[in-house]
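Engineer: Following this message is one structure expressed as structure tokens.
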Amino acid sequence: MFKVKLKPIMNFLKVLKTINKNLLNNTKRTASIKMSQDKLDGASLCAKSLKDQGVEYMFGVVGIPVIEIALRAQQYGIKYIGMRNEQSASYAASSIGYLTRKPAVALCVSGPGFVHTLAGMANANENAWPLLVVGGSSDLGQESQGAFQEYPQVTLGRSFAKYSARPSSLSQIPFYVEKAFRTATYGRPGSAYLDFAAEMITSTIEPSEVGCSAVCGEAPRPLTSIENLQNVFESLKIAKKPLIIIGKGAAYSQAEEEINKLVESLGMPFLPTPMGKGVVDDDHSLCVSAARSTALKEADLIVLLGARLNWMLHFGQSPRFAQNVKIVQVDLNAEELGNNTNDCIKIQADLKSFSKQMNEHLAGEKIQVAKDWWDLLRKKVEKNKNVIQSMANDLTLPLNYYAAYAQIKKVMPKDCIIVSEGANTMDTSRSIMNHAQPRHR
């Protein structure tokens with residue numbers, strides 16, 4: 001005969017009963033704020049406003065008080081992806097911003113949930129990617145009384161976002177959503193935060209009382225002046241060792257068609273930054289990535305297309321760069337222009353717009369690249385490719401990075417997205433795993 005211990009079973013049944021009770025309470029809570037023919041709740045206004053602005057994706061961790069926002073978002077056709085942590089939700093949403101030039105939403109609960117999104121908000125700001133974080137907060141009537149997960153979210157958000165605010169009323173929710181969307185997208189892209197107090201999510205309003213708000217269109221694509229175009233052209237004509245560097249900004253701008261045409265019409269050597277790979281095919285005959293060090297050190301004119309002179313490009317400083325190198329820097333973000341260089345043609349413009357303008361300006365013009373410059377680069381490219389191939393063929397244990405990557409490369413789909421992180425892992429993969437399409441790294 002088996003002896004059955006009843007106490008653990010009873011405890012388990014109590015837990016189940018508690019869970020069922022909580023689920024029932026949440027069901028009643030949701031049912032009590034369902035949309036009727038003549039009322040809209042705050043969650044519906046938030047979701048509808050997001051949808052009106054073109055939001056397609058929402059990543060998050062649901063919980064009180066934002067459960068209803070997640071439900072309403074799905075009702076309005078926004079794709080909701082549940083995540084394990086708000087930090088990963090904010091990173092995922094910012095990646096959508098990079099890929100599409102439109103913000104996705106990271107949804108978070110109050111207190112710790114909000115704090116977890118700060119990493120993604122900071123990352124979006126530093127990379128100039130649009131991101132919209134929507135967070136729930138404690139009841140307004142309980143502020144400063146030690147409310148559940150109470151935290152000064154709007155105040156803290158201002159240190160991590162271009163815009164951080166709490167809608168002043170239900171009727172103003174569409175206004176605040178449009179402003180957050182526009183601020184995240186226009187100018188230098190970045191993150192925006194909207195805070196919704198618990199009672200604002202569940203309160204209702206007559207549709208006739210809701211304020212109107214415009215739909216934010218695509219972010220403007222600034223052009224440059226004819227004078228700037230001519231200055232670039234004159235600099236290209238006299239350069240003996242020109243080099244084009246294609247950066248992440250070019251990928252964000254979706255300028256691949258225009259930049260391909262520009263690179264080919266100029267016939268100049270180019271190399272991409274890691275996230276600029278694929279804007280022009282890495283296997284293109286003009287790509288000199290395999291001679292990166294030589295190209296950077298010897299070039300007398302470097303055209304930066306959406307690339308920053310930060311640590312990844314050795315700050316543009318000697319001995320990695322020539323001491324007298326001239327820089328042409330094209331960037332959407334004015335504050336990046338001239339950073340770490342004294343001799344620079346500074347052009348604030350959208351990369352797609354600039355490349356199209358430059359192609360039109362160069363129509364019928366020919367620029368000759370010195371044969372000895374190409375000879376030097378091609379000799380170095382061939383030498384370095386042979387070294388890489390030799391290391392890839394070396395299967396001595398333990399395997400070196402090139403040998404390991406060579407095996408992975410054999411089975412890797414051509415159009416896959418590559419995520420590489422960490423010193424040698426990132427550096428080595430950049431030189432052996434090529435991209436034919438933009439925004440795949």
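We did not get these values from a lab; they are worked out from the coordinates using the rules stated. All values derive from a computational prediction rather than experimental measurement. Reconstructed Cβ throughout: ideal geometry from the backbone, glycine too, with neighbour counts over all protein chains shown.
Engineer: Over the Cα atoms of the range 33-209, compute the convex hull volume and normalise it per residue, giving Å³. Mind showing how you got there, number by number?
Structural biologist: Details: hull volume 17.1 nm³, N = 177.
Output value, Cα hull per residue: 97 Å³.
Engineer: While we're on this one: Between Lys379, Lys51, Lys410, which gets the highest mean-square fluctuation from a Gaussian network model of the chain, Cα cutoff 10 Å?
Structural biologist: Fluctuation is largest for Lys410.
Engineer: Take every DSSP beta bridge with both residues inside the chain and express the antiparallel ones as a percent of the total, to the nearest 5. Intermediate results must be reported in sequence, preceding the final value.
Structural biologist: Values: 2 of 42 bridges.
In the chain, DSSP labels about 5 percent of beta bridges as antiparallel.
Engineer: Working from Cα positions, state the angle (0 to 90°, nearest 10) between the long axis of helix 351-361 and the longest principal axis of the chain.
Structural biologist: It works out to around 30 degrees.
Engineer: Still on this structure: What list of ³J(HN,Hα) values in whole Hz, one per residue of the range 78-88 in order, does the Karplus curve 6.51 cos²θ - 1.76 cosθ + 1.60 (θ = phi - 60°) give from phi, with Gly and Pro shown as x?
Structural biologist: Whole-Hz 3J(HN,Hα) from phi for the range 78-88: 7, 6, 9, 10, x, 10, 8, 8, 5, 4, 5.
Engineer: Of the options Ser49, Met200, Thr185, report the single residue whose Cα projects farthest towards the positive end of the charge dipole of the range 33-209 (beta-carbon charges: Lys, Arg +1; Asp, Glu -1).
Structural biologist: Thr185
Engineer: Taking the Cα atoms only, what angle lies between the long axis of helix 112-127 and the longest principal axis of the chain, rounded to 10 degrees?
Structural biologist: In the chain, helix 112-127 runs at an angle near 20 degrees to the longest axis.
Engineer: Give me a comma-separated list of calculated 3J(HN,Hα) values for the range 46-51, in order, Karplus coefficients 6.51, -1.76, 1.60 applied at θ = phi - 60°, integers in Hz, x for any Gly or Pro.
Structural biologist: 5, 5, 5, 5, 4, 5
Engineer: While we're on this one: What residues qualify as long-range amide H neighbours of Leu286, i.e. H under 5 Å apart, gap of 5 or more or another chain, H built at 1.01 Å from N?
Structural biologist: Hits under the 5 Å cutoff: none.
Engineer: About the Cα centre of the chain, what is the dipole size in debye to 20, counting +1 per Lys and Arg Cβ and -1 per Asp and Glu Cβ, all else neutral?
Structural biologist: Numbers: 51 positive and 41 negative charges, 312 e Å.
With only Lys, Arg, Asp and Glu charged at Cβ, the dipole is about 1500 debye.
Engineer: Using a Gaussian network model of the chain with C-alpha springs under 10 Å, which one of Phe181, Phe315, Phe354 is most mobile by mean-square fluctuation?
Structural biologist: Evaluated over the chain, the most mobile residue of the options is Phe315.
Engineer: Rank by packing, highest mean first: peptides 230-241, 130-141, with packing defined as the count of other Cβ atoms within 10 Å averaged across residues.
Structural biologist: Working: 230-241: 15.6, 130-141: 24.6.
Sorting 230-241, 130-141 by mean packing, highest first, produces 130-141, 230-241.
Engineer: Within the range 359-441, report the GluC sites (Glu not before Pro) that DSSP leaves as loop and that have at most 12 other Cβ atoms within 10 Å.
Structural biologist: Numbers: sites: Glu360, Glu365, Glu382, Glu421; in loops: Glu365, Glu421.
When the GluC sites (Glu not before Pro) of the range 359-441 are filtered for loop state and at most 12 Cβ neighbours within 10 Å, Glu365, Glu421 remain.
Engineer: While we're on this one: With θ taken as phi - 60° and the coefficients 6.51, -1.76 and 1.60, list the Karplus ³J(HN,Hα) couplings across the range 312-329 in order, rounded to whole Hz; mark glycine and proline as x.
Structural biologist: Coupling constants for the range 312-329: 5, 10, 6, 6, x, 9, 5, x, 6, 10, 5, 4, 9, 5, 9, 10, 10, 10 Hz.
Engineer: Quick query: amide H of Leu132 versus all other amide H atoms, modeled in the peptide plane; which residues come in under 5 Å with a sequence gap of 5 or more or a different chain?
Structural biologist: Ala104, Ala106, Ala192
Engineer: About its Cα centre, how strong a charge dipole does the range 33-209 have in debye, to the nearest 20, once Lys and Arg get +1 and Asp and Glu get -1 at the Cβ? Write out the running numbers ahead of the final one.
Structural biologist: Numbers: 15 positive and 15 negative charges, 139 e Å.
Taking the Cα centre of the range 33-209 as origin, the dipole is about 660 debye.
Engineer: Please name which of Ser168, Gln74, Trp129 has its Cα lying farthest along the dipole of the range 33-209 towards the positive end, using unit charges on Cβ (Lys, Arg +1; Asp, Glu -1) and the Cα centre as origin.
Structural biologist: Towards the positive end, the residue furthest out is Trp129.
Engineer: Nearest 10 degrees, 0 to 90: what angle lies between the long axis of helix 423-432 and the longest principal axis of the chain (Cα atoms)?
Structural biologist: The angle comes out at about 60 degrees.
Engineer: Quote the FRET efficiency, to the nearest 0.05, computed for Asp415 versus Leu223 with a Förster distance R0 of 30 Å and r equal to the Cβ-Cβ distance. Show your work: numbers first, answer last.
Structural biologist: Values: r = 32 Å, r/R0 = 1.07.
Efficiency for this residue pair is about 0.40.
Engineer: Using only alpha-carbon positions, what ratio does the radius of gyration of the chain give when scaled by 2.2 N^0.38 Å?
Structural biologist: For the chain, the normalised Cα radius of gyration is 1.21.
Engineer: Quantify how much of the Cα-Cα distance distribution of the range 251-315 extends past 15 Å, in percent.
Structural biologist: Working: 1059 of 2080 pairs.
It works out to 51 percent of all Cα pairs.
Engineer: With an 8 Å cut-off on Cα pairs and a minimum separation of 6 or more residues, tell me the relative contact order of the chain in percent.
Structural biologist: On the way: 845 pairs, mean separation 55.3, N = 441.
Answer for the chain is 13 percent.
Engineer: What pairs in Lys277/Lys380; Lys48/Lys261; Lys297/Lys410; Lys241/Lys414; Lys162/Lys241; Lys277/Lys346 have C-alpha atoms more than 31 Å from each other? Could the numbers behind the result be given before it?
Structural biologist: Working: Lys277/Lys380 20 Å; Lys48/Lys261 41 Å; Lys297/Lys410 33 Å; Lys241/Lys414 33 Å; Lys162/Lys241 40 Å; Lys277/Lys346 23 Å.
In this structure, Lys48/Lys261; Lys297/Lys410; Lys241/Lys414; Lys162/Lys241 exceed 31 Å between Cα atoms.
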